[in-house]
Amino acid sequence: MNTHRSDLSFLYRSDEGEIDAATWWRGALMLTGIFAVLTLGWILIEPFADKSLATTVIGTIVVLTGNLYRLAYGFICVLLLICLYNLSAKRWRNLGRPSSFAGILPLAAAITAALYWLEPRVEGDLPYYWIVAADIVLAGIFLWSVIELGDIRARITALRR
């Protein structure tokens with residue numbers, strides 16, 4: 001796949017225009033790949049980020065680096081959600097549906113991530129079933145979005161004929 005800078009700008013920087021299902025899949029998989037690599041990095045670095053800075057110089061540098069990665073990871077994840085919105089808005093518009101539907105999945109993902117971040121910090125004041133409910137809602141929204149935007153419903157209907 002030969003992707004030019006102008007294609008990336010069109011796909012991710014604006015919600016204007018329309019795209020087909022194949023373009024949506026390519027764009028969504030690119031965002032998913034970036035997110036997976038960043039998350040793998042966070043999984044490897046996270047144990048070092050939750051230590052005290054009052055240690056040796058080397059320990060302080062490791063903790064500081066872990067926390068800087070945490071900050072960058074959060075910022076980039078928000079940018080990825082914005083890119084997902086812009087990409088999906090084009091596809092929803094192409095389907096003749098309101099482009100504002102594109103905001104449902106990123107919003108649900110952000111709320112779920114916020115609950116996961118908040119839960120260990122409030123020491124039991126946030127019931128765990130809120131997180132489970134957010135996961136279920138996010139999974140449902142994700143499946144609905146992929147079925148609609150990825151043109152899976154049309155393919156299933158075509159197979160039934």
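The values are calculated or read from the model by the stated rules, or taken from the named source; none is laboratory data. These numbers come from a predicted model, not from an experiment. In this analysis, Cβ positions are derived from the backbone assuming ideal geometry, glycine residues included, and neighbour counts consider all displayed protein chains. Note: accessible area is taken over every heavy atom of the protein model, side chains too, but ligands, DNA and RNA are not part of it. Shrake-Rupley method; radii C 1.70, N 1.55, O 1.52, S 1.80 Å.
With a sphere of radius 13 Å drawn around the Cβ of Arg93, what net charge do the other residues whose Cβ falls strictly inside it have (Lys, Arg +1; Asp, Glu -1)? Surrounding charge for Arg93 is -2. Please compute the Cα-Cα pair-distance distribution of the stretch 112-158 with 10 Å bins starting at 0, giving whole percents from short to long. Over the stretch 112-158, the share of Cα pairs per 10 Å bin runs 26, 33, 20, 15, 6, 0 percent. Given q = 0.12, 0.13, 0.21 Å⁻¹, what are the Debye log10 I(q)/I(0) values for the chain, with equal point scatterers placed on the Cα positions and solvent ignored? The computed values of log10 I(q)/I(0) come out as -0.67, -0.76, -1.34.
A cut-off of 5 Å between modelled amide H atoms, ignoring neighbours fewer than 5 places along the same chain, links Ile19 with Arg91, Asn94.
Ligands, DNA and RNA are left out, and with a 1.4 angstrom probe the accessible area of the chain is 66 Å² per residue. For the chain, carbon and sulfur atoms together expose 69% of the accessible surface, with a 1.4 angstrom probe and every protein chain in place. Between Thr39 and Thr157, the FRET efficiency estimated from the beta carbon spacing at R0 = 25 angstrom works out to 0.15. Using a cutoff of 8 angstrom between alpha carbon atoms and counting only pairs six or more residues apart, the relative contact order for the stretch 66-161 works out to 22 percent. Helices meeting the span-like rule in the chain (full DSSP H runs, Cα extent of at least 15 Å along the helix axis, mean Kyte-Doolittle score of 1.0 or higher): 21-49, 57-94, 104-118, 128-149. A protection proxy built from the mean count of other Cβ atoms within 10 Å ranks the segments 105-113, 118-126, 62-70, most packed first, as 105-113, 62-70, 118-126. Across the stretch 62-120, the convex hull enclosing all Cα atoms gives 64 Å³ per residue.
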